[in-house]
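J.: Sharing a structure, written as structure tokens. Questions coming.
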Amino acid sequence: MLMVRIVVMITISICPYTLRKAGLVALILFCLSCLSAFAQSNYITVKSTPYDRQMTRIRPILTSASGQRDQNLSLGLVNNWIGNLRAIPYGFSMEWKTPDEVRAGAYADCKGKAVALYNAMQARGAENVRLVIGKRSWTSRKTHAWLEWTTAGGTYILDPTINWSAFRAERVGRSSYIPLYAFAGTQKFRAAPSGGVFASNAPYAGQHVASRL
């Protein structure tokens, strides 16, 4: 009878602890999966975007054929391009500048710098590069432009207006680099809804891509 009581007491004392521990592990795994999902942008193919008309000047650049794949294309080279563009003084332009205009001008904004970087990467045969229009942070009142580059090693954020080098998209949470639309060659995309943050972007979808924030 004493042995039965000991077994019952041990069972009662262990089970709640095991269930709490299992629940905690499950919660941690769920949170990690959510962070991973937010780090990667999901896009839906669309026929048009609110930015199509204002992007007419740079459409030939986006849709031009990619160059032959350069075996020397590396993250280090891309970071060098980002640094050179970041060094150009910021200056807002109502219209999208071409890469030639960015290189020849005294200043450029996020639109021009992003397109110039897109053009440089496309000329070297980089694949899976997207020009993104979105919000630098969820509190931003204006939209912003940057690139996303998906490689075998992961997806990178390339922002030659704000940053001096690329960084892994996993570092981005829900509150920064929030995409609205993306462009790659002849393809156009809308960012898939991912919760309240995206929904709050709706009023900004028709605004001009304006500035670094």
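The values are calculated or read from the model by the stated rules, or taken from the named source; none is laboratory data. These numbers come from a predicted model, not from an experiment. As a convention, Cβ positions derive from the backbone with ideal geometry for all residues, glycine included, and neighbour counts pool all protein chains shown. Ligands, DNA and RNA are excluded from the accessible area calculation, which covers all protein heavy atoms including side chains. Shrake-Rupley method; radii C 1.70, N 1.55, O 1.52, S 1.80 Å.
J.: Out of every Cα pair in region 38-177, what percent are spaced more than 23 Å from each other? Working shown, then result.
T.: Values: 3044 of 9730 pairs.
I get 31 percent for the Cα pairs in region 38-177 exceeding 23 Å.
J.: Could you give me the percent of Cα pairs per 10 Å distance bin for region 97-155, shortest bin first, beginning at zero and ending with the bin that holds the maximum distance?
T.: The percentages, shortest bin first, are 22, 44, 29, 5.
J.: If you don't mind, there's one more thing I want to ask. Give, as a single signed number, the net charge of other residues whose beta carbon lies under 15 Å from the beta carbon of residue 193, with Lys and Arg counted +1 and Asp and Glu -1. Could you put the intermediate results ahead of the total?
T.: Working: positive: 135, 174, 190; negative: none.
Neighbourhood net charge equals +3.
J.: In addition: Read phi for every residue in region 153-164 and hand back ³J(HN,Hα) as whole Hz from Karplus 6.51 cos²θ - 1.76 cosθ + 1.60, θ = phi - 60°, with x for Gly and Pro.
T.: Each residue of region 153-164 in turn: x, x, 9, 10, 9, 10, 10, x, 8, 9, 10, 9 Hz.
J.: Per-residue HN-Hα couplings for region 184-191, Karplus 6.51 cos²θ - 1.76 cosθ + 1.60 at θ = phi - 60°, whole Hz, x for Gly and Pro?
T.: Here the 3J(HN,Hα) series is 8, x, 8, 8, 10, 9, 10, 5 Hz.
J.: Turning to a different aspect of this structure: Please list, ordered by chain and number, the residues whose modelled amide H lies under 5 Å from the amide H of residue 188; skip anything fewer than 5 residues away on the same chain.
T.: 46
J.: What are the residues whose amide H is under 5 Å from the amide H of residue 109, where those residues sit 5 or more places off or on another chain and H is modelled from the backbone?
T.: For residue 109, whose amide H was placed from the backbone, the distant partners under 5 Å are 91, 93.
J.: Using a 1.4 Å probe on the protein heavy atoms, what percent of the accessible area of region 47-128 belongs to carbon and sulfur?
T.: On the way: 2060 of 4220 Å².
Of the solvent-accessible surface of region 47-128, carbon and sulfur hold 49 percent.
J.: Another question, then. So, counting K/R as plus one and D/E as minus one, what does the shell of residues with Cβ under 15 Å around residue 184 add up to? List each step's numbers first, then the result.
T.: Numbers: positive: 47, 59, 130, 188, 190; negative: 52, 127, 148.
Once positives and negatives cancel, what remains is +2.
J.: Multiply the residue separation of residue 56 and residue 163 by 0.36 nm, subtract the distance between their alpha-carbon atoms, and state the gained length in nm to one decimal.
T.: 35.8 nm
J.: When you count, for each residue, the other Cβ atoms within 10 Å and take the mean per peptide, how do 47-53, 174-180 rank with the highest first? Write down the numbers at each step before the final one.
T.: Numbers: 47-53: 13.0, 174-180: 19.9.
Those peptides, ordered most packed to least, come out 174-180, 47-53.
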